[in-house]
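The values are calculated or read from the model by the stated rules, or taken from the named source; none is laboratory data. Every value quoted in this text rests on a predicted model; they were computed, and no experiment measured them. Cβ coordinates were reconstructed from backbone atoms using ideal geometry, including for glycine residues, and neighbour counts include every protein chain displayed.
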Ligand code: AP5
């Protein structure tokens, strides 16, 4: 990821963390990037899960696709991102996590940003072999209220099944099964990999070795953003 005009204009980068398959570590690395660069962090997956839990009209429309491991329609997702990016906290820089996931979403994002006179500075490509992902996905446990994420083997909580901070129970995501992962990976290869090519042509992609340990991946992220 190259820091380009957006940073010069704003002093803070605009980063996309969408280039990586399920379980590649996007959600693990985003909080670190958010804190280090004082960015607003918008994760479309988290926003959609909140809408599903609240049974909003958007959530009702999104639920079926999410349960099957398919992508939600571009119009729905671009609508929630457009709305969220208007928040004052997102005006000086943002990290988009899990967005854009189709070339159509990327083009719509470009149009939105052009109106604001800014550009994407870096796109993080979490490159990883599919064979590593099933263990990561099926071992993940989350604390729904905070979004804190654990892994039975790679990042276990102090007490199994319990959030370290609140002591509340952890849950597994409904789509974190080996069967649904297959569909999610199919969607990734078919619809999201072309997005990485789209940004390669713009010269803003930084490829990460996402199979490394979380700490090593963090160091790679810091290097490409420095
Ligand atoms: P979303 O919530 O975005 O899910 P995803 O892309 O499938 O990504 P994950 O959250 O599963 O993985 P991650 O890369 O964040 O991994 P994590 O860091 O947690 O999307 C869900 C659904 O919403 C989609 O299927 C779709 O239906 C819909 N949707 C969302 N955005 C959309 C969009 N733009 N357009 C259309 N539909 C959209 O890591 C996973 C586990 O591995 C954790 O337990 C972690 O502790 C562990 N781990 C992380 N890094 C490492 C490491 N380096 N080494 C070992 N373990 C690690």
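Quick check on this structure: which one of 137, 132 is modelled with pLDDT of 95 or more and farther than 22 Å from residue 50 by Cα? Working first, answer last.
Details: 137 fails: farther than 22 Å from residue 50 by Cα.
Just one listed residue meets the conditions, 132.
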* Please enumerate the residues belonging to the stretch 87-117 that are more than 13 Å from the ligand (Cβ to nearest atom) and buried (at least 21 other Cβ atoms within 10 Å of the Cβ). => 93, 94
* Can you find a residue in the stretch 152-173 that is assigned to a helix (DSSP H, G or I) and farther than 20 Å from residue 34 by Cα? -> no
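Among the residues of the stretch 195-207, is any assigned to a strand (DSSP E or B), touching a helix residue (DSSP H, G or I) at 6+ places or on another chain (Cβ under 6 Å) and touching a residue at least 60 places away in the same chain (Cβ under 8 Å)?
At the first step, the residues of the stretch 195-207 found to be assigned to a strand (DSSP E or B) are 205-207.
Pick out the ones that are also touching a helix residue (DSSP H, G or I) at 6+ places or on another chain (Cβ under 6 Å) and you get 205-206.
Then keep just the ones that are touching a residue at least 60 places away in the same chain (Cβ under 8 Å); that gives 205-206.
Within the stretch 195-207 (the criterion being assigned to a strand (DSSP E or B), touching a helix residue (DSSP H, G or I) at 6+ places or on another chain (Cβ under 6 Å) and touching a residue at least 60 places away in the same chain (Cβ under 8 Å)), the answer is yes, since at least one residue qualifies.
Considering each of 48, 42 in turn, give the residue that is at pLDDT 90 or above, touching a helix residue (DSSP H, G or I) at 6+ places or on another chain (Cβ under 8 Å), crowded, with 18+ Cβ neighbours inside 10 Å and closer than 22 Å to residue 136 by Cβ.
Just a single option satisfies the conditions, and that option is 48.
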* Unmet criterion (only one of (1) at pLDDT 90 or above; (2) surrounded by fewer than 18 Cβ atoms within 10 Å (Cβ to Cβ); (3) in contact with a helix residue (DSSP H, G or I) (Cβ under 6 Å, 6 or more places away or on another chain)) for residue 32 -> (1)
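Yes/no matrix, rows are residues, columns are (1) closer than 16 Å to residue 132 by Cβ; (2) surrounded by fewer than 15 Cβ atoms within 10 Å (Cβ to Cβ); (3) within 13 Å of the ligand (Cβ to nearest atom):
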site: 154; (1), (2), (3): yes, yes, yes
site: 169; (1), (2), (3): no, yes, no
site: 186; (1), (2), (3): no, yes, yes
site: 194; (1), (2), (3): no, yes, no
site: 199; (1), (2), (3): no, no, no
site: 205; (1), (2), (3): no, no, no
site: 212; (1), (2), (3): yes, yes, yes
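Condition check: more than 24 Å from residue 32 (Cα to Cα), near the ligand (Cβ under 8 Å from one of its atoms) and surrounded by 14 or more Cβ atoms within 10 Å (Cβ to Cβ). Does residue 74 satisfy that? Walk me through how you get there before you give the answer.
Details: more than 24 Å from residue 32 (Cα to Cα): yes; near the ligand (Cβ under 8 Å from one of its atoms): yes; surrounded by 14 or more Cβ atoms within 10 Å (Cβ to Cβ): yes.
Yes: the conditions hold for residue 74.
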* Asked: When you look at residue 62, is it surrounded by fewer than 17 Cβ atoms within 10 Å (Cβ to Cβ), modelled with pLDDT of 80 or more and within 15 Å of the ligand (Cβ to nearest atom), yes or no?
  -> no
* Restricting to the stretch 118-133, what's the tally of residues that are within 16 Å of the ligand (Cβ to nearest atom) and either under 16 Å from the mean Cα position of the chain (by Cα) or surrounded by 23 or more Cβ atoms within 10 Å (Cβ to Cβ) (or both)? -> 8
